[in-house]
Structure formats: C-alpha cells, structure tokens
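Undergrad: Take this structure, written in structure tokens, and hold onto it; I'll ask about it next.
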Amino acid sequence: MSNASNPPGSLLNVDYGAGGVSTHFRPRKVGDDLHTETMILNMGPAHPATHGTVRIVTELLGEEIVDADVEVGYLHRGFEKMCETVDYNQVMPYTDRLNYVSPLINNVGWCLTVEELLQITVPKRAQYIRTILSEISRISDHLTCLGASAMELGAFTVMLYFMQARESLWELIEEVTGARLTISYCRVGGIKDDLTIGFAERMARAFEVVKEQVSKGDRLLSRNRIFMDRMCDIAIIDAETAINYSITGPLLRASGVDYDVRKAFPYSSYEDFDFDVPLGTKGDNYDRFNVRMEEIFQSIKICEQAIKNLPDGPINVDDPRIVLDDKKEVYGSIDGMINHFEMVIKGVEPPVGDVYLPVEGGNGELAYYTVSDGTGKPYKVHVRAPSFIHMGIVKKMILGANIADIVPTFGMVNMIGGECDR
C-alpha cells in the first residue's frame with residue numbers, strides 16, 4: 001500500500017517511515033474536496049426557548065450560526081389603534097397586556113402620560129403606592145426571566161425557587177388590586193384603592209421569602225461551572241453598540257451604561273429614594289443575569305424605604321372632571337350624579353397637545369407617545385415598548401455563536417410577546 005493510493009484530501013493518510021506504518025487522521029478544513037454546505041434550521045415559535053410567537057431561521061455551518069433571520073411573529077391585537085377607540089381610563093386594561101409580567105408599571109406609565117397632558121400631579125401617597133407596587137412588579141418580572149432562563153438550561157430547581165418567590169409577591173398584588181396578572185389598578189389622577197391594613201407586615205414577610213429563594217438560586221447558579229460556561233462571553237454587546245441599537249434597561253446596564261429612567265428622569269417620587277443602579281462590565285449573558293439579580297435587591301430597598309415613609313392623605317386628585325366621585329356622592333347629591341354621568345359618558349378630556357413620557361419598565365424604557373385633540377379619546381397613541389426595540393439586536397447577538405447559545409441569549413433578552421404587538 002502506498003500513499004499514492006490515498007488522494008491528498010483523504011482523511012486517512014498512511015505514513016511509511018523508519019518506525020513502520022502509522023495511520024492518522026488529518027483534520028479537514030472548509031475548502032477541502034469534501035463536499036460541505038450550510039444547513040437551514042428553524043427555531044420556534046415554541047415555549048420554552050423562543051418565547052411567544054418569535055421564530056428564528058438560522059443558517060448553520062456545523063454548530064456555528066453564520067446567518068439568521070429573526071421574526072417577531074404575528075401577534076396583531078392592534079394595541080395602539082384600540083387605544084384610540086376608548087376613553088383614557090379604558091386604555092388601562094390594554095396596557096396590562098403589554099408586559100403582562102409587570103403590568104403595574106405599564107399602568108403607571110400610561111397614567112403619568114395622561115396626567116402630563118392634564119398638567120396635574122397626583123397626591124404624594126398615591127405616588128408612593130404606585131412606586132411600591134411598580135417595584136414589586138419589577139421583582140416579579142426579573143424572577144420570571146431568571147427562573148425561566150435557568151429552567152431552559154436545565155436548572156429546573158432554580159425555577160421552582162424563583163416561582164415560589166414570585167408567588168409570595170403575586171399574593172400581595174392580588175390583595176391590593178384584586179387580580180394577579182391583568183390588574184388595571186391605576187387611574188388617571190390616582191389609584192383604584194389604598195393599601196390594605198397590615199400590608200407593610202405582609203410585604204416584609206414576602207420579601208424574606210424572596211431573599212431566601214433568590215439566595216438559594218444564586219448559590220446553585222452563580223458559580224456553577226456548567227452555567228458559567230453557557231453564559232460567560234456569550235452574545236457580548238459593547239456599550240457603543242447597545243446605545244446605537246437604542247437598547248435600554250438591564251440589557252444596556254449589563255454593557256456598562258449607567259442609564260435608568262428612575263434616576264435620569266425621576267417620576268412618582270423616585271427622587272426620594274436611595275438605590276443603586278447595577279452595571280455590568282462585558283455585556284455578555286452572565287452580566288445580564290447578574291444585573292437582574294442585583295436589581296431585585298435594589299427594588300426591595302426602594303419598597304422598604306417607601307413603606308417606612310408612606311405619607312398620609314388622599315390617593316386621588318380632588319377633581320370630579322378627572323376622578324369619579326365617591327358612590328355616596330353619586331347616590332346622595334345631584335352634583336355627584338351629574339359628575340358621574342359626564343365622566344362615564346365623556347371620560348377625561350385633556351387639552352390639545354402631545355406628550356412622550358418614559359418610565360423604567362421591567363425590560364427598559366417604556367413610554368407612550370400620546371396626542372390629545374381635546375376630546376375624551378386619545379387621537380393618537382404609540383407605545384415605545386422595550387421588547388420590540390430589543391428584538392432588533394438579537395441577530396447581532398447570535399451571529400458567530402453556537403446553535404445552543406440561542407436559548408440562554410434569548411432568555412436574557414427576556415422578550416415579552418405583548419410588547420411586540422404591532
């Protein structure tokens with residue numbers, strides 16, 4: 001047998017040397033005479049992995065992603081157009097369904113936008129309560145993201161820990177708002193109900209559960225070699241790129257950019273509270289995980305300060321053109337009955353103008369650009385939903401990565417389907 005019997009491109013090469021015959025395999029490279037081609041593989045839409053309606057069509061060279069087409073799906077409920085057909089308070093249930101994991105923040109953002117059109121400020125107590133419930137919602141959002149992402153990488157126990165923590169918070173939310181998920185709690189000019197008696201003590205107990213369960217998850221994951229190998233140095237986005245793609249929220253802060261709407265443009269008395277903005281250094285999936293973990297504890301810190309210093313006073317502005325009268329006024333006085341009738345029929349009527357007002361949502365800057373024509377219905381509504389914006393950078397994040405890296409990357413993007421409604 002001679003070398004000539006094996007073509008140069010053959011994997012099997014035989015070497016006749018002084019030591020006899022030796023056989024070895026030569027690694028083949030792209031461009032060798034072996035026929036190679038890329039493969040098209042469809043990912044999603046499926047839970048888990050590619051959440052909601054998202055579909056990722058990948059082009060693979062072996063395990064490497066060389067190209068991708070990311071489709072946000074076809075969730076067409078017509079959020080913005082529906083908002084233009086009802087009065088300002090009737091928009092509230094629609095906002096619940098944007099980021100349905102932290103709907104209270106959506107409520108607050110909408111109310112602040114309309115209140116800016118009206119040029120009113122709600123009472124201090126209402127501001128503090130909005131902040132408390134918004135931060136509880138933020139914690140719930142992060143627990144959902146981190147727990148689901150852990151489960152998708154095989155750490156099912158961590159998901160159980162985090163869901164138990166979230167359950168303790170949802171019980172608080174249900175106690176105050178009457179619902180767990182689609183809560184429709186805020187009102188233009190204030191809030192639907194005050195905090196329940198004994199809420200502070202129950203919140204403190206719930207936070208103890210959250211701290212305990214998050215600490216368990218932290219011990220299982222944060223220094224776990226398998227988890228770190230799956231997360232570290234994956235889908236790195238530097239600060240400049242993140243800014244260029246209009247990324248906000250935990251994704252932006254994981255890239256080291258210190259921008260948080262609560263600090264940059266304080267609303268609902270956030271300027272009264274002392275809290276830190278966690279930042280990453282690399283902008284990889286591991287940084288995104290750690291930023292969200294730390295934000296949980298910062299939100300707890302805000303809630304503890306707010307409940308300790310909760311002001312007394314009303315929870316709504318005193319204006320029958322903006323807030324419905326109390327039922328005893330409606331049933332006991334002619335003025336109350338007329339005010340109630342006009343509010344139900346006409347709704348709140350802001351003056352002509354337009355407003356863009358951002359809040360810090362669970363995934364980043366959430367804002368409603370709203371135009372008023374002076375009637376009781378918005379003339380134009382556009383939502384700046386962070387999940388929709390963030391889908392624009394997913395392709396860049398996964399190019400060059402392995403097919404298995406799509407799952408943890410998409411988990412750390414934390415896309416919520418309701419925000420991609422177009």
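The values are calculated or read from the model by the stated rules, or taken from the named source; none is laboratory data. Keep in mind it's a predicted model, so treat the numbers as computed, not measured. Reconstructed Cβ throughout: ideal geometry from the backbone, glycine too, with neighbour counts over all protein chains shown.
Undergrad: Does residue 368 satisfy being among the aromatic types (Phe, Trp, Tyr) and either touching a Gly at 6+ places or on another chain (Cβ under 8 Å) or assigned to a helix (DSSP H, G or I) (or both)?
TA: Numbers: among the aromatic types (Phe, Trp, Tyr): yes; either touching a Gly at 6+ places or on another chain (Cβ under 8 Å) or assigned to a helix (DSSP H, G or I) (or both): yes.
Yes, satisfied.
Undergrad: Shifting gears a bit: Where the second residue is among the small types (Gly, Ala, Ser) and the first is more than 21 Å from residue 132 (Cβ to Cβ) and lies in region 84-105, which pairs have Cβ atoms under 6 Å and are six or more apart or on separate chains?
TA: Listed pairs, sorted by first residue: 87/347; 87/376; 88/347; 93/184; 97/418.
Undergrad: Let me ask something else about it. Please verify whether residue 211 is under 24 Å from residue 360 (Cβ atoms), assigned by TED's automatic domain parsing to the domain that holds residue 412, assigned to a helix (DSSP H, G or I) and in contact (Cβ under 8 Å) with a residue 60 or more places away in the chain, treating the condition exactly as stated.
TA: yes
Undergrad: Something else about it: Test residue 114 against the stated conditions and say whether it is buried (at least 22 other Cβ atoms within 10 Å of the Cβ) and modelled with pLDDT of 95 or more. Talk me through it step by step, then tell me what you get.
TA: Details: buried (at least 22 other Cβ atoms within 10 Å of the Cβ): yes; modelled with pLDDT of 95 or more: yes.
Yes: the conditions hold for residue 114.
Undergrad: Here's a check for you: in region 77-111, which residue that is assigned to a helix (DSSP H, G or I) and among the acidic types (Asp, Glu) is surrounded by the fewest Cβ atoms within 10 Å (Cβ to Cβ)?
TA: If we filter region 77-111 for residues that are assigned to a helix (DSSP H, G or I), which is where we start, we get 79-83, 89-96, 103-111.
When the remaining residues are screened for being among the acidic types (Asp, Glu), the result is 80, 96.
Values: 80: 17, 96: 20.
Result: 80.
Undergrad: Here's a check for you: in region 157-181, which residue that is of a type in the set (Gly, Ala, Ser) and either assigned to a helix (DSSP H, G or I) or at negative phi (or both) is surrounded by the fewest Cβ atoms within 10 Å (Cβ to Cβ)?
TA: Step one: of region 157-181, the residues of a type in the set (Gly, Ala, Ser) are 165, 168, 178-179.
Next, only the ones that are either assigned to a helix (DSSP H, G or I) or at negative phi (or both) stay: 165, 168, 179.
Values: 165: 25, 168: 19, 179: 14.
Applying the filter and picking the extreme gives 179.
Undergrad: How many residues are under 11 Å from the mean Cα position of the chain (by Cα) and of a type in the set (Val, Ile, Thr) when one looks only at region 126-145?
TA: Residues in region 126-145 being under 11 Å from the mean Cα position of the chain (by Cα) and of a type in the set (Val, Ile, Thr): 2 in total.
Undergrad: Cβ-Cβ distance below 8 Å, separation of 6 or more or different chains: which pairs start in region 253-271 with a residue that is in a loop (DSSP other than H, G, I, E, B) and end on one that is of a type in the set (S, T, N, Q)?
TA: Filtered contacts from region 253-271: 255/241; 256/281; 259/248; 268/127; 268/131; 268/134; 269/127; 269/131.
Undergrad: Checking the structure you have, find out if any residue of region 133-149 is out of contact with any strand residue (DSSP E or B) (no Cβ under 8 Å at 6 or more places or on another chain), on the phi > 0 side of the Ramachandran plot and free of Cβ contacts under 8 Å to residues at least 60 places away in the same chain.
TA: No: zero hits.
Undergrad: In the list 346, 377, which residue meets the criterion of being more than 15 Å from the chain's Cα centre (by Cα), charged (D, E, K, R) and modelled with pLDDT under 95?
TA: Numbers: 377 fails: modelled with pLDDT under 95.
Of 346, 377, the one residue that is more than 15 Å from the chain's Cα centre (by Cα), charged (D, E, K, R) and modelled with pLDDT under 95 is 346.
Undergrad: Please go through (1) without any contact (Cβ under 8 Å) to a residue 24 or more places away in the chain; (2) crowded, with 18+ Cβ neighbours inside 10 Å for residue 365 and return the number of the only condition it doesn't satisfy.
TA: Condition (1) is where residue 365 drops out.
Undergrad: Considering every residue within region 233-248, establish whether at least one is buried (at least 17 other Cβ atoms within 10 Å of the Cβ), touching a strand residue (DSSP E or B) at 6+ places or on another chain (Cβ under 7 Å) and either among the polar types (S, T, N, Q) or over 30 Å from residue 321 (Cβ atoms) (or both).
TA: Yes; the residues of region 233-248 include at least one that is buried (at least 17 other Cβ atoms within 10 Å of the Cβ), touching a strand residue (DSSP E or B) at 6+ places or on another chain (Cβ under 7 Å) and either among the polar types (S, T, N, Q) or over 30 Å from residue 321 (Cβ atoms) (or both).
Undergrad: Return the residue satisfying two criteria in turn: it lies in region 375-399 and is in contact with a strand residue (DSSP E or B) (Cβ under 9 Å, 6 or more places away or on another chain) and part of a loop (DSSP other than H, G, I, E, B), and of such residues it is nearest to residue 131 (Cα to Cα). Walk me through it before giving the result.
TA: Initial filter on region 375-399 (in contact with a strand residue (DSSP E or B) (Cβ under 9 Å, 6 or more places away or on another chain)): 378-386, 389, 391-392, 394-395, 398-399.
So of that shortlist, the ones also part of a loop (DSSP other than H, G, I, E, B) come out as 378-379, 385, 399.
Values: 378: 25, 379: 28, 385: 20, 399: 39 Å.
The qualifying residue nearest to residue 131 (Cα to Cα) is 385.
Undergrad: Another question, if that's okay. For region 182-195, state whether one or more residues are surrounded by fewer than 22 Cβ atoms within 10 Å (Cβ to Cβ) and farther than 30 Å from residue 116 by Cα.
TA: no
Undergrad: Additional query: Test each condition in (1) in a helix (DSSP H, G or I); (2) at pLDDT below 95; (3) among the aromatic types (Phe, Trp, Tyr) for residue 74 and report the one that comes out false.
TA: (1)
Undergrad: Quick one: in region 392-422, which of the residues that are within 28 Å of residue 94 (Cβ to Cβ) and surrounded by fewer than 19 Cβ atoms within 10 Å (Cβ to Cβ) is nearest to the chain's Cα centre (by Cα)? Show your work before the answer.
TA: First, pick out the residues of region 392-422 that are within 28 Å of residue 94 (Cβ to Cβ): 392-394, 410-422.
Within this subset, residues satisfying the condition of being surrounded by fewer than 19 Cβ atoms within 10 Å (Cβ to Cβ) are 392, 422.
On the way: 392: 15, 422: 17 Å.
So the residue we want is 392.
Undergrad: Then there's this: Can you find a residue that is surrounded by fewer than 24 Cβ atoms within 10 Å (Cβ to Cβ), among the basic types (Lys, Arg) and either assigned by TED's automatic domain parsing to the domain that holds residue 169 or in a helix (DSSP H, G or I) (or both) anywhere in region 131-154?
TA: Scanning region 131-154, I find no residue that is surrounded by fewer than 24 Cβ atoms within 10 Å (Cβ to Cβ), among the basic types (Lys, Arg) and either assigned by TED's automatic domain parsing to the domain that holds residue 169 or in a helix (DSSP H, G or I) (or both), so the answer is no.
Undergrad: Another one. Might you check whether a residue that is in contact with a Phe, Trp or Tyr (Cβ under 9 Å, 6 or more places away or on another chain) and in contact (Cβ under 8 Å) with a residue 60 or more places away in the chain occurs anywhere in region 336-348?
TA: Yes, there is a match, as at least one residue in region 336-348 is in contact with a Phe, Trp or Tyr (Cβ under 9 Å, 6 or more places away or on another chain) and in contact (Cβ under 8 Å) with a residue 60 or more places away in the chain.
Undergrad: Let me ask something else about it. Output yes when any residue across region 235-248 is farther than 26 Å from residue 108 by Cβ, in the same structural domain as residue 411 (by TED's automatic domain parsing) and among the acidic types (Asp, Glu), and no when none is.
TA: The answer is yes; a qualifying residue exists.
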